[in-house]
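Here's the structure we're looking at; comments come further down.
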Amino acid sequence: MKIQSSIFIAFTLFLSTLSYGQSGYFEDALRFSQNVPAGSARMIGIGGTQWSLGGDVSNIAGNPAGLGFFRKSEASITFGYSDWRVDTQYLGQPRQYNTSNFSIPNLSVVFASPKGPLNRGAFKGGSFGISIQRIANFNTEYGFFSDEIGSTSIIDFYLQNAIGVPESQIPGLGLTGLAYNTYLINPLLDSNGNAIPGEYDPVIGFEIGAFQDENITQEGNASQITFSYGANFNHKVFVGGSLGIRSLNFASRKVYNEEFAEGPLFNTSLRENLFINGTGVNLNLGLIYKPIDHLNLGFNFQSPTWYSLSEEYDARIIAEFDNFYYAPEDITLRREEAATDFILSSYGLNSPLKVGAGATFFLGKNGFISADVDYVDFSAARLNSNDFNEGPDNQAIRDFYTSTLNFRLGGEARLEIFRIRAGFAHFGDPYSNSNFDRSMQQYSGGFGARLNNFTIDFAVVNRRSNALYNSYQVLDQQGNNIGPFTELNNSIFSGVLTLGITF
């Protein structure tokens, strides 16, 4: 598979990094900006539609104007289970991974202060809400294992990255420096045995090709504490605002291996560890208007989340040789290892803002149908740091990503004390100029019951999306990336149970 045009920019990110540390911060900008509507099992069951619905604890972090609908105070807790299955394909060879996770994705309380029926003013009261909500789950595992020799090797990447770099600077050239220190690449010598400046040779036997495998394990989540208030004016106009304080932790462990068909290099292994944590803050403003009793119109504005993040990165390369004598340095190569120090750095990330609108039509006391749409421009995310040059990553954000329109549709049927729900959601592909569809579809359903001052709701949801993973990048003469691409088919099945009481 050949991925063209803007992939070249990602390759230049490696070339621009002459010190250790992770490259590809533009990937963090997308990873930490994507989230799907969460909250109670009721909202999840109807596809996450919440811009025009009120009276649910999900309004605290969703559309805070919906808090103006509360006539009684309410507290709830949600329990969740998810199974993340990834089916991968590399060189026609399938592999499957499963990661399960238990959590408490939502804990909320709403304190309602409605005005009495004799109140003459337009202001009919309001509600204050606090919630702790998990907004992103990073727990997954994927990779590939190949019984076929790959068309390229990661040594090709090291060689391209080293072109034109003086030998004195190679040891500090990120992963390529580790490859140099383990003799995977070496100075190209002229007929007199002198190094040719800026030119490098691979280890002998590399041209034969390699069997490849990789495993990536990711862990962590993003959660948010939200303080929100919504007010009711004449039971027609509902306005609200919230402050969100977000915490984030993410860990990635990668192990990439190559095994060569013939010596003197038996195998090589690259191991990378990345840990990111930090906090962020955002604002949320909402409006719900009832032009008639059977119709709600909702509007929502979510500011960027302003993150302050810290990361720790380290990498190691291990190369196993067959007692190979390397004459230029009069050394016999066996097991060669090179590792970075633990590299600490800090950076800021401004995620893109989101604007949304929705409508809910009520079928009397029999239920409702609700729809949402929102707009997010992922190319507007920005990085800033005093520890590295963020310019190439910000350029990659502008070139790689684009705006998306997301829509959700759901409904609820009421049968006395029981509720039956179903929903669908589509989240657009955030990548620009790509012939590979990375959009996500979500199907959900659920049921619930209202028992005096107690509520119980249950929902199941399945999210499906596709992705491409590139282990390393090698450019051909036309600028196409011919490095190994693994196709990922993601399927996340979740079940949530919400228990609530009114008081």
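The values are calculated or read from the model by the stated rules, or taken from the named source; none is laboratory data. From a predicted model like this one, the values you see are computed outputs, not experimental measurements. For neighbour counting, all protein chains shown are included, and Cβ atoms are generated from backbone atoms with ideal geometry for every residue, glycine included.
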Report summary line: The lone condition Leu497 fails out of (1) of a type in the set (A, V, I, L, M); (2) touching a Phe, Trp or Tyr at 6+ places or on another chain (Cβ under 6 Å); (3) closer than 20 Å to Ser153 by Cβ is (3)
Requested in this report: Please indicate, with yes or no, whether at least one residue in region 280-293 is of a type in the set (Lys, Arg) and within 27 Å of the chain's Cα centre (by Cα).
Outcome: no
Requested in this report: Evaluate the following for Ile154: is it of a type outside the set (Gly, Ala, Ser) and within 33 Å of the chain's Cα centre (by Cα)?
Outcome: yes
Query raised in the report: Given the structure, is Tyr183 among the aromatic types (Phe, Trp, Tyr) and under 36 Å from the mean Cα position of the chain (by Cα)?
Result: yes
**Report entry** Index of the failed condition, Ala222 passing every other in (1) touching an Asp or Glu at 6+ places or on another chain (Cβ under 7 Å); (2) more than 30 Å from Ile317 (Cα to Cα)
**Finding:** (1)
Query - Scan of region 217-245 for residues that are under 30 Å from Phe102 (Cβ atoms), in contact with a helix residue (DSSP H, G or I) (Cβ under 9 Å, 6 or more places away or on another chain) and either surrounded by 20 or more Cβ atoms within 10 Å (Cβ to Cβ) or not aromatic (Phe, Trp, Tyr) (or both), ordered by number - result: Thr226, Ser228, Ser242
Query raised in the report: Say we look at region 125-142 and pick out the residues that are aliphatic (A, V, I, L, M) and over 14 Å from Val57 (Cβ atoms); which of these is nearest to the chain's Cα centre (by Cα)?
Result: Ala136
Requested in this report: Among the residues of region 51-88, count how many are surrounded by 24 or more Cβ atoms within 10 Å (Cβ to Cβ), touching a strand residue (DSSP E or B) at 6+ places or on another chain (Cβ under 7 Å) and not in a helix (DSSP H, G or I).
Outcome: 9
Query - Leading residue by the ranking (farthest from Asn35 (Cα to Cα)) among those in region 284-320 that are of a type in the set (Gly, Ala, Ser) and in contact (Cβ under 8 Å) with a residue 60 or more places away in the chain - result: Ala319
Report summary line: Scanning region 385-394 residue by residue, those surrounded by 15 or more Cβ atoms within 10 Å (Cβ to Cβ) and under 19 Å from Trp306 (Cα atoms) turn out to be Ser385, Phe388, Glu390, Asp393, Asn394
Report summary line: Residue set Ser403, Ser432; condition surrounded by fewer than 16 Cβ atoms within 10 Å (Cβ to Cβ) and within 20 Å of Trp51 (Cβ to Cβ); output residue Ser403
Requested in this report: Filter region 246-270 down to the residues that are of a type outside the set (A, V, I, L, M, F, W, C) and under 12 Å from Gln212 (Cα atoms), then identify the one that is surrounded by the fewest Cβ atoms within 10 Å (Cβ to Cβ).
Outcome: Asn267
**Report entry** Set Leu91, Leu118: member being surrounded by fewer than 16 Cβ atoms within 10 Å (Cβ to Cβ) and either under 30 Å from Ala179 (Cβ atoms) or in contact with a Leu (Cβ under 9 Å, 6 or more places away or on another chain) (or both)
**Finding:** Leu91
Requested in this report: Output the residues belonging to region 323-335 that are loosely packed, with under 13 Cβ neighbours inside 10 Å, in a strand (DSSP E or B) and on the phi < 0 side of the Ramachandran plot.
Outcome: Tyr325, Ile331, Thr332, Arg334, Arg335
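Here is a yes/no grid of residues against (1) at pLDDT below 95; (2) farther than 19 Å from Asp372 by Cβ; (3) of a type in the set (Lys, Arg); (4) out of contact with any strand residue (DSSP E or B) (no Cβ under 7 Å at 6 or more places or on another chain):
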site: Leu270; (1), (2), (3), (4): no, yes, no, no
site: Asn273; (1), (2), (3), (4): no, yes, no, no
site: Gly278; (1), (2), (3), (4): no, yes, no, no
site: Leu285; (1), (2), (3), (4): no, no, no, no
site: Ile288; (1), (2), (3), (4): no, no, no, no
site: Ser303; (1), (2), (3), (4): no, no, no, no
site: Ser308; (1), (2), (3), (4): no, yes, no, no
site: Asp322; (1), (2), (3), (4): yes, yes, no, no
site: Ala327; (1), (2), (3), (4): yes, yes, no, yes
Report summary line: Residues of region 236-263 being in a loop (DSSP other than H, G, I, E, B) and at pLDDT below 95, in sequence order, are Ala261, Glu262, Gly263
Report task. Output the residue which, of all residues in region 216-235 that are among the polar types (S, T, N, Q) and within 14 Å of the chain's Cα centre (by Cα), is nearest to Ile132 (Cα to Cα). Result -> Ser223
Query raised in the report: If you scan region 31-83, which residues turn out to be aromatic (Phe, Trp, Tyr) and within 20 Å of Thr305 (Cα to Cα)?
Result: Phe32, Trp51
Requested in this report: Go through the residues of region 471-487 one by one and say whether even a single one is touching a strand residue (DSSP E or B) at 6+ places or on another chain (Cβ under 6 Å), surrounded by fewer than 19 Cβ atoms within 10 Å (Cβ to Cβ), assigned to a strand (DSSP E or B) and free of Cβ contacts under 8 Å to residues at least 40 places away in the same chain.
Outcome: no
Query - Residues located in region 336-356, provided they are assigned to a strand (DSSP E or B), at pLDDT below 95 and of a type in the set (Val, Ile, Thr) - result: Ile343
Report task. Identify, from the list Ser491, Ser444, Ser465, the residue that is among the hydroxyl-bearing types (Ser, Thr, Tyr), closer than 26 Å to Arg95 by Cβ and buried (at least 17 other Cβ atoms within 10 Å of the Cβ). Result -> Ser465
Query - Failed condition for Glu214, given (1) surrounded by fewer than 21 Cβ atoms within 10 Å (Cβ to Cβ); (2) among the charged types (D, E, K, R); (3) in a strand (DSSP E or B) - result: (1)
